[in-house]
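The values are calculated or read from the model by the stated rules, or taken from the named source; none is laboratory data. Keep in mind the model is a prediction, meaning the values are calculated, not measured. All Cβ positions, even for glycine, are placed from backbone atoms using ideal geometry, and neighbour counts span all protein chains on display.
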Amino acid sequence: MGNLIKLHHLNNSNTDSMEEMPLGIGKLTCLQTLCNFVVGKDSVSGLRELKLLTHLRGTLCISKLENVKDVVDAEEAQLDGKKNLK
């Protein structure tokens, strides 16, 4: 993911078989479009990966919420501060 840090749009809407987000997704700080975020079973692909993705806009679907282990993970994602998300 390190080579993609300037990526703006990631259309992963047709990835029903995805088990978790790739390692380093939270480093894509220029990302504006992310259709689906899949919460993994381990802490590497947890909701906190969304924290630095401050430019997200539009619709974001969050899948596999049953994998969230701690409310702190959800708080660290700072979803309430992402005003351009629906």
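The table below gives the values:
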| read-out | value |
| --- | --- |
| Enumeration of residues in region 39-58 that are outside any loop (DSSP other than H, G, I, E, B) and either modelled with pLDDT of 95 or more or not β-branched (V, I, T) (or both) | S43, S45, L47, R48, E49, L50, G58 |
| Matching residues in region 50-66 - criterion: being within 12 Å of L79 (Cβ to Cβ) and in contact with a Gly (Cβ under 8 Å, 6 or more places away or on another chain) | L50, K51, L53, T54 |
| Counted residues, region 59-83 - those being assigned to a loop (DSSP other than H, G, I, E, B) and not aliphatic (A, V, I, L, M) | 7 |
| Test: residue in region 38-52 that is under 12 Å from the mean Cα position of the chain (by Cα), on the phi > 0 side of the Ramachandran plot and not β-branched (V, I, T) | no |
| Extreme residue, nearest to the chain's Cα centre (by Cα), among residues of region 7-37 that are buried (at least 21 other Cβ atoms within 10 Å of the Cβ) and in a loop (DSSP other than H, G, I, E, B) | M21 |
| Pick from region 43-83, criterion buried (at least 16 other Cβ atoms within 10 Å of the Cβ) and among the acidic types (D, E), ranking: farthest from M18 (Cα to Cα) | D73 |
